[in-house]
Amino acid sequence: MSKRLSATAPGKVPEKAPGVLPEVHVAVGVIIRDGRVLIARRLEHTHQGGLLEFPGGKVEPGETVQQALVREIAEETGLKLIESALQPVIGVRHDYGDKRVFLDVWSTDIAAGEAHGREGQPIQWLLPRDLRDADFPAANRPIIRALQLPSQLALTGCDVADDECGLKRLQTALQVSQPPLIVLRAPAWAEQAIAYNRLAQGALALCQSNSSELMLHGVPELMDLHPQAAGVHLPWRHASQCQQRPVAECYKLGISCHNAEQLAHAVAIGADYAILGHVLATSSHPNEAPLGWHAFSQLVSAARLPVYGIGGLSPADLPQARQCGAQGIAGIGFWWA
């Protein structure tokens, strides 16, 4: 069982405060075949009837989440899963008012058989980019985001500049590493809007020609100047000033966080992902103690959005980050160098 799961032992009913609805532990399967995800439509008479959903069901007493998924997917779709091939995606806690759920989401691209709705539910295979929030229950929003985001988030190095040399450095890094999503972080230009905007224009052109998406870094108003960007990533000092989502839903919104309160704020204003760190010791923050994997895992398990770990990490740490329930890793050195 993933480290992000609650400490409640399998089969043990968690205690609840008087008047608080018990939390239902639900195993959710993201089953991928040829780049498409298996999606079902909930029957009209069920909770949240008529909406789309990822297949799965309640974890029964004595079951692990993997065992529950294998059983539920076979019962619902006829597909046969392998427990050891299941990988953690995200854990989502949500209160519908009449029902509290913990969606324990795992993925696999190994499923034997042909899927069909064995309980009368329509099923289909959809590309992740075609999943729409409004078609799913509210608790599924973080799952959709997790499927639409890469496992590695690339940030530009502090030496990026708007001159010809700096953009050539970016072009080389794009061609060698081919990151799908990049945050254009340029500390040297953080307070110089004209210089950063020139840099963004050149970087957007390079990213478009290399099939990468570019996130801006700074204030939300940057999207007004560069609407062709994928979205904006807010440093905490800017995110803390927002009381609601500051950009349209068609753009991605990321936030840099360092603790549970900041992660909760990111969720409250509708962020699509957060960067959390630093996880391990790093030369960029020599006088700050790192979170460590245990604390990082605890923070991620309580967050209701995809979280990237940052700080002292390399691609070799990606499996560990995933086991902690993270979306993946973010950083500079693993692609920029």
Looking at segment 212-254 from every direction and averaging, what is the projected area of its Cα convex hull in nm²?
2.8
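Quick one: compute a quarter of the convex hull surface over the Cα atoms of the chain and quote it in nm².
Details: hull surface 72.1 nm².
Over every viewing direction, the Cα hull of the chain projects on average to 18.0 nm².
What number in nm² do you get for segment 84-202 if you take the convex hull of its Cα atoms and divide its surface by four? Don't skip to the answer; put the middle values down first.
On the way: hull surface 49.3 nm².
It is 12.3 nm².
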If the cut-off is 18 Å between C-alpha atoms, which aspartates and glutamates fall inside it for K168, apart from same-chain ones fewer than 8 positions away?
D159, E213
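Calculate the translational D of segment 179-269 in whole µm² s⁻¹ from Stokes-Einstein, where the hydrodynamic radius comes from the Kirkwood formula applied to all Cα pairs, the temperature is 4 °C and the viscosity 1.567 mPa s.
Numbers: Rh = 13.5 Å.
Rounded, D is 96 µm²/s.
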Can you give the translational diffusion coefficient of segment 117-170 in µm²/s, computed by Stokes-Einstein from the Kirkwood radius over Cα pairs at 25 °C and 0.890 mPa s?
163
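How long are the semi-axes of the ellipsoid equivalent to segment 40-88, from square roots of 5 times the Cα gyration tensor eigenvalues, in whole Å, largest first?
Working: eigenvalues 94, 30, 17 Å².
Ellipsoid semi-axes (Å, largest first): 22, 12, 9.
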Give, rounded to the nearest 20 debye, the magnitude of the charge dipole that segment 183-277 has about its Cα centre when Lys and Arg contribute +1 at Cβ and Asp and Glu contribute -1 at Cβ.
140
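Normalising by the residue count of segment 162-321, find the relative contact order in percent from Cα pairs under 8 Å and 6+ residues apart. Please report the intermediate quantities before stating the final value.
Numbers: 234 pairs, mean separation 23.6, N = 160.
In percent, rounded to a whole number, it is 15.
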List the aspartates and glutamates whose Cα lies under 12 Å from the Cα of K99, skipping any in the same chain that are fewer than 8 positions away.
E23
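None of the figures in this text is laboratory data; all of them are computed from the coordinates on show. The shown structure was predicted, so the numbers you read here are calculated from the model rather than taken from an experiment. When we count neighbours, we look across all protein chains shown, and the Cβ atoms used for this are built from the backbone with ideal geometry, even at glycine.
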